[in-house]
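Here the structure comes first, spelled out in structure tokens, and everything after it is commentary.
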Amino acid sequence: MQANKGRDTKPELALRRAVHALGLRYRVDHSLPLPGVRRRGDLVFTRARVAVFLDSCFWHACPEHGTRPKTNADFWQTKIERNIARDTETNRLLREAGWTVIRVWEHQDPLTAAEQVRAAVRTSSASPLP
């Protein structure tokens with residue numbers, strides 16, 4: 001488990017570079033304003049109220065690339081199901097608080113995902129952005 005990075009993974013860095021290249025500035029691994037719940041967004045646009053999460057195919061059960069663990073399968077399946085439930089709750093809480101939530105799979109093209117982020121930030125933001 002120690003070998004699994006919590007942030008600064010290759011897909012996350014690629015997404016951050018692509019978003020930055022579009023002229024957007026963001027906070028990395030930033031706490032979200034959810035009272036009583038400790039959650040962090042991978043990229044957070046506080047003024048525009050947009051939270052971006054880059055989910056790994058394994059830990060978040062990607063329908064396309066997610067795999068089932070063979071060793072200690074029950075433990076890991078339960079862990080992955082808890083991750084999915086937490087993601088769903090985070091999405092709901094943020095939306096109820098007026099935030100836009102974007103979830104990106106690690107296998108998605110970072111340039112395409114960055115364009116999706118830019119569109120959401122532009123739509124959500126009161127001030128003009130690039």
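Bear in mind that the values in this text are calculations on the coordinates, not laboratory data. Since the model is a prediction, treat every value here as computed from it, not as a measurement. Reconstructed Cβ throughout: ideal geometry from the backbone, glycine too, with neighbour counts over all protein chains shown.
Taking every C-alpha pair closer than 8 Å and separated by at least 6 residues, the mean separation divided by the residue count of segment 15-67 gives a relative contact order of 22 percent. Positive-end ranking of 19, 102, 36 along the dipole of the chain, with charges on Cβ about the Cα centre, is headed by 36. Backbone geometry of segment 109-117 corresponds, through the Karplus equation with coefficients 6.51, -1.76 and 1.60 at θ = phi - 60°, to 3J(HN,Hα) couplings of 5, x, 5, 5, 5, 5, 5, 4, 5 Hz, x marking Gly and Pro. Convex hull volume per residue, computed on the Cα atoms of the chain, equals 112 Å³. Between 103, 47, 38, the Gaussian network model of the chain with springs among Cα atoms under 10 angstrom shows the greatest mean-square fluctuation at 38. Taking label points 7 Å from Cα along the Cα-to-Cβ direction, residue 25 and residue 65 give a separation of 3.2 nm.
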